[in-house]
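The values are calculated or read from the model by the stated rules, or taken from the named source; none is laboratory data. Predicted model only: the values in this text are computed from it and were never measured. Counting neighbours? That spans all protein chains shown, and the Cβs are built from the backbone with ideal geometry, glycine included. We work out accessible area using only protein heavy atoms, side chains counted, and drop any ligands, DNA or RNA first. Shrake-Rupley method; radii C 1.70, N 1.55, O 1.52, S 1.80 Å.
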Amino acid sequence: MSEQRDILSLTLPELQSELTAMGEPKFRAAQIYRWLHRRKAQSFAEMLDIPSKLRTELDAQFCIKSLFVARKLASSLDDTVKYLYRLSDGQHVETVLMHYHNGWRLCISTQVGCKMGCAFCASTIAGYVRDLTPSEMLLQIDETERNAGVTISGLVLMGIGEPMDNFANVMQFLTLLSDPEGRGMSLRHVTVSTCGIVPRIRELADRKTGLTLAVSLHNPTDAGRSKVMPVNRRYPLSELMEACRYYFEKTGRRVTYEYAVMEGENDGEPDARALAKLLKGQGAHVNLIPVNSVRETSYHATRKAAQRFMQRLEALGVHATVRRTLGSDIEAACGQLRHEADRAISEEKR
Ligand code: SAH
């Protein structure tokens with residue numbers, strides 16, 4: 001039997017051409033698309049206004065993907081909930097639900113594992129497994145809304161994986177997400193975070209999607225950044241900054257910078273000065289976050305250290321805030337839960 005195709009990853013025009021090829025009338029695709037994206041149907045059998053012969057045919061050709069809650073951890077300190085989702089092939093990804101400015105924001109994963117190799121990050125420890133499909137990104141939103149009984153108003157692509165390393169699927173996901181015939185979320189409410197894959201940043205700028213780009217900087221010098229982020233050896237800071245300026249020019253949207261404070265590594269006065277110099281004239285905002293200690297690494301920072309670094313930056317005229325650390329009791333940092341789960345599973349097997 002040939003493999004069933006993932007119908008939830010198709011845009012409406014793509015579904016239309018599939019159904020036209022099957023000899024169906026034009027309105028049929030919109031009907032099915034609404035069942036999938038508005039009514040969140042989980043089977044073709046539910047689609048009662050679709051002729052049963054067609055439902056059987058669709059069932060043979062396509063699958064409707066789903067996710068399962070493998071673990072759910074609710075913070076006792078705030079409203080943060082972390083989900084470990086199991087995908088249809090048994091792989092796991094993490095999704096974090098956070099309460100923010102009177103709304104719910106979701107942090108989703110874009111890959112199973114990651115190739116980027118950042119030294120402080122748990123997502124990359126066990127390497128890269130595969131890309132997520134557009135449907136698996138959408139389903140993280142649908143499943144979380146269903147499970148938590150909330151409506152998600154903002155989205156950040158900051159979970160496991162490098163979104164710009166799964167570019168085509170992420171773009172397809174954004175098309176589906178913002179489609180007025182589907183969820184219709186404005187991309188102004190979406191932030192995509194990248195470790196700095198320069199050609200993709202430029203491509204994203206050219207698409208003028210309206211989304212916010214966040215760049216994970218973490219160190220203001222090439223020597224220091226290359227030490228913790230291998231991507232910097234390929235795309236050094238001068239090229240990255242040029243791409244960020246290009247993004248702003250093309251889209252009118254300011255790039256934000258993520259900076260995980262690591263005590264004794266990137267939080268000294270020379271670091272603050274180098275960072276101020278690097279960002280000069282951009283009116284940039286820096287989000288500081290005390291690095292989350294991952295078991296395998298030695299990086300650490302207190303909130304106080306992050307605040308100290310913030311004051312250093314403010315004194316140099318750089319706008320910075322220390323990000324609220326939500327769900328700190330449930331290890332809400334990216335990749336930690338999946339990594340812990342995989343390790344527990346492999347320890348059980350031994
Ligand atoms: N690959 C993308 C998005 C996923 S990571 C990126 O690099 O931006 C989301 C953010 O969490 C990034 O800024 C990443 O550098 C940061 N991060 C990863 N591990 C961390 C840790 N242990 N402590 C604090 N931030 C971390």
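Listed values, structure above:
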read-out: Test: residue in the stretch 269-287 that is within 12 Å of the ligand (Cβ to nearest atom) and open to solvent by less than 10 Å² (accessible area, probe 1.4 Å); value: yes
read-out: Filter result for the condition that a residue is under 29 Å from residue 301 (Cα atoms) and of a type outside the set (Gly, Ala, Ser), over 20, 95; value: 95
read-out: Flag for residue 271 being at pLDDT 95 or above and within 20 Å of residue 321 (Cβ to Cβ); value: yes
read-out: Some residue of the stretch 77-95 being open to solvent by 70 Å² or more (accessible area, probe 1.4 Å) and over 30 Å from residue 148 (Cα atoms); value: no
read-out: Positions within the stretch 137-184 being in a helix (DSSP H, G or I), within 16 Å of the ligand (Cβ to nearest atom) and buried (at least 19 other Cβ atoms within 10 Å of the Cβ), in sequence order; value: 137, 140, 163, 164, 165, 169, 170, 173, 174
read-out: Filter result (in a loop (DSSP other than H, G, I, E, B) and open to solvent by 30 Å² or more (accessible area, probe 1.4 Å)) within the stretch 30-63; value: 38, 39, 40, 42, 43, 48, 49, 51
read-out: Scan of the stretch 296-321 for residues that are in contact (Cβ under 8 Å) with a residue 12 or more places away in the chain and either at positive phi or within 12 Å of the ligand (Cβ to nearest atom) (or both), ordered by number; value: 296, 297, 299, 300, 301, 306, 317
read-out: Residue list for the stretch 15-29, filter: at negative phi and exposed (fewer than 14 other Cβ atoms within 10 Å of the Cβ); value: 17, 20, 21, 22, 25, 26, 27
read-out: Among residues of the stretch 142-184, those that are closer than 18 Å to residue 14 by Cα, of a type outside the set (S, T, N, Q) and touching a helix residue (DSSP H, G or I) at 6+ places or on another chain (Cβ under 8 Å), counted; value: 11
read-out: Which numbered condition residue 236 misses (of (1) free of Cβ contacts under 8 Å to residues at least 60 places away in the same chain; (2) within 28 Å of residue 175 (Cα to Cα); (3) open to solvent by 10 Å² or more (accessible area, probe 1.4 Å)); value: (2)
